[in-house]
Amino acid sequence: MSEAPRESLWRRWVVNPVLRQLSQGAEPRRLALAAAFGATLGVFPLLGTPTLLSLAVGIPMKLNQPVLQLFRELFYPVHLATLLLFIRAGEWLFGVKPIQLSISMLMEHFRASPAKFLADFGMLGLYAICVWVLIAPLLLGLVYGVSLPLFARLSKRFTPVPRVA
């Protein structure tokens, strides 16, 4: 007797949740919008804020929360990888002399004294946010444009479950 092949992590944690949403009648267009906002908000350049920001944007817009949060989480490594890039781009944009930084150093300063951290590094956060505001529409459009045809193709494979009144 042979064992069934193990399901990949990608399929289990990404594809299957999207398929569940499609099988429950979610529209590919709305899922693509949730994915785009999840990715875009997921790289917001302040540590600890993407989850709250995703909720603050997703709830009033009635975005699909499972897909929004899934894509926000998928972009967490990108979030960490781009924090210093956003800061450096902001320093360049505003003509500020770069200061020596690392993620671990920033976290250490924050843990020691959040108030002093904001006084010392608050402007760097604002610079980074300004750069994010400039690229967010591009990222939003890119992720939406890529995910919509994928979700539409997946939706053709699954018939929504009829809703009982």
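Bear in mind these aren't lab numbers, they're just calculated from the coordinates by the rules spelled out. Treat the numbers as computed from the prediction; the structure is a model and nothing was measured. Glycine also receives a Cβ, built like all others from the backbone with ideal geometry; neighbour counts cover every protein chain displayed.
Just check the range 1-86 against the gyration tensor rule for me: Cα atoms, a ≥ b ≥ c as the square roots of the eigenvalues, rounded for a/c under 1.5, and otherwise prolate or oblate depending on whether a/b exceeds b/c. Since a/c reaches 1.5 but b/c is at least a/b, the shape of the range 1-86 is classed as oblate.
Charge dipole (Cα centre; +1 on Lys/Arg Cβ, -1 on Asp/Glu Cβ; no other charges) of the range 9-157 amounts to roughly 680 debye.
Estimated from the Cβ-Cβ distance and a Förster radius of 45 angstrom, the FRET efficiency linking residue 158 and residue 103 is about 0.65. The residue among 26, 138, 112 whose Cα reaches farthest toward the positive pole of the charge dipole of the chain, with charges on the beta-carbon of Lys, Arg, Asp and Glu, is 26. Put in order of Cβ neighbour count within 10 Å, fewest first, the listed residues 132, 10, 92 become 10, 92, 132.
Per-residue extension of 0.36 nm, minus the Cα-Cα distance of residue 130 and residue 80, leaves a gain of 16.3 nm for this segment. Mind checking which aspartates and glutamates have their C-alpha under 15 Å from residue 116, skipping anything on the same chain fewer than 8 residues away? Within the straight-line cut-off, residue 116 pairs with 108.
Note down the magnitude of the dipole of the range 36-114 about its Cα centre, charges +1 on Lys and Arg C-beta and -1 on Asp and Glu C-beta and zero elsewhere, to the nearest 20 debye.
80 debye
The Cα center of the range 100-125 and the Cα center of the range 1-68 differ in position by 31 Å.
Across the range 15-24, computed HN-Hα scalar couplings (Karplus, 6.51 cos²θ - 1.76 cosθ + 1.60, θ = phi - 60°) run 5, 4, x, 5, 4, 4, 5, 5, 5, 8 Hz from first to last residue, x flagging Gly and Pro.
For residue 110 and residue 59, a Förster radius of 35 Å and the Cβ-Cβ distance give a FRET efficiency of 0.80, rounded to the nearest 0.05.
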